Amino acid sequence: MDFDFETCRLIEENIGRVIVGKKRAIDLLLTAVLAEGHVMIEDVPGLGKTLLAKSLARSIGGTYKRIQFTPDLLPADITGFNIYNQRTGEFCFQPGPVMANVLLADEINRTVPRTQASLLESMEEHQVTVDGQTYPLPRPFIVLATQNPIELEGTFALPEAQLDRFLMKIRLGYPTFDEEQAIMARFQQENPLDDLPAVAAPDRITAIRTACRLIHVSPPVRAYIAELVQATRTHEALRYGASPRASLALMRSAQARAALSGRPHVLPDDVKDVAEPVLAHRLILKDEERLRGERAERFLGEILDRTSPPVDAAR
């Protein structure tokens, strides 16, 4: 297996120079990057979501753009538009902020579904189409979208089709007492992001992603992934389970976890480790369960407990 562990370690350490604690969130973010996926970050304001996105972009030597989603945002404000050039008499394409390696879609649920949907082609096909002309996006292309779970007035829930495009949904959570003091000490005199160096290059990330696809997934592990996903479609508390896209997302995320652990093959523990962030946001509860305040994570935990992992997974 030709996998660049050193670069991955340097990226993780580099982000850790800015973000205090949150090792699990950083690990999952790096896993999503290597699995060629996009990430939804749902948490209250002020926990470092924007800082995390900027730190990732700086660390991989990539371009960074931010879109503040508002009710009056138009699809062209994301993808770009054609401008008439009076000097040449021709239309020229003015790229939108989507033309970046790392795109922060801040408070994505505050804009109308039509504008939300303008990201679908970019996230799935890595391209944008404006007036019939297709433009490729930079590689790698990573969307980090944020949602505020406590201020729902004036928001528009993301349709299931778009939620399914996000490889993972993660939360940062509040810092501990010691972490909070460390944050104040680290940012007291200066922002460590200001002089954060790049420790990788975009083309290197692309090569590492290719190496991740070569991580061996045995037939028993593939069957285990399929059993988990199939079980979400028959669970009595779920109206809709995970799609085949979720099976691929779970497999690719497990491959990335195995690679980051230094193994040339996927184990059931890799699948379990990423099952919740990959699957939970794709599950639709029945109305009665939702009204009772239940969460998809609980039922996903039941499915993981009921499904026996393969014994000889590496063969």
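Tabulated values for the structure
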item	result
From M99, M40, residue being under 30 Å from A182 (Cα atoms) and not aromatic (F, W, Y)	M40
Condition met for R295 (within 18 Å of L163 (Cβ to Cβ), surrounded by fewer than 19 Cβ atoms within 10 Å (Cβ to Cβ) and either under 22 Å from the mean Cα position of the chain (by Cα) or of a type in the set (S, T, N, Q) (or both))	yes
Selection status of V271, of a type in the set (A, V, I, L, M, F, W, C), over 22 Å from M123 (Cβ atoms) and not assigned by TED's automatic domain parsing to the domain that holds E227	no
Complete set of residues in the range 35-58 that are among the small types (G, A, S) and in a helix (DSSP H, G or I)	A53, S55, A57
Filtered residue count, the range 240-272, keeping only those that are crowded, with 20+ Cβ neighbours inside 10 Å and charged (D, E, K, R)	3
Long-range neighbours under 6 Å by Cβ, at least six apart or interchain, first residue within 15 Å of E125 (Cβ to Cβ) within the range 159-172, second in a loop (DSSP other than H, G, I, E, B) and polar (S, T, N, Q)	D164/S243
Subset tally (residues that are outside any helix (DSSP H, G or I) and out of contact with any Gly (no Cβ under 7 Å at 6 or more places or on another chain)) for the range 1-21	8
Near pairs, Cβ below 6 angstrom, 6+ apart or cross-chain, from the range 219-239 (within 13 Å of A280 (Cα to Cα) and hydroxyl-bearing (S, T, Y)) to any residue that is assigned to a helix (DSSP H, G or I) and at pLDDT 95 or above	none
Test result for I78, aliphatic (A, V, I, L, M), modelled with pLDDT under 95 and assigned to a strand (DSSP E or B)	no
Residue under evaluation V33, criteria (1) buried (at least 21 other Cβ atoms within 10 Å of the Cβ); (2) of a type in the set (A, V, I, L, M, F, W, C); (3) over 30 Å from Y135 (Cα atoms), criterion not met	(3)
Matching strands (runs of 3 or more DSSP E) fully within the range 124-216 where at least 1 residues are outside the structural domain of L285 (by TED's automatic domain parsing), surrounded by fewer than 12 Cβ atoms within 10 Å (Cβ to Cβ) and of a type in the set (S, T, N, Q)	133-136
Residue, surrounded by the most Cβ atoms within 10 Å (Cβ to Cβ), within the range 1-30, restricted to residues that are over 29 Å from D178 (Cα atoms) and among the hydrophobic types (A, V, I, L, M, F, W, C)	F3
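The values are calculated or read from the model by the stated rules, or taken from the named source; none is laboratory data. What you are looking at is a predicted structure, and each value in this text was computed from that prediction instead of being measured. Counting neighbours? That spans all protein chains shown, and the Cβs are built from the backbone with ideal geometry, glycine included.
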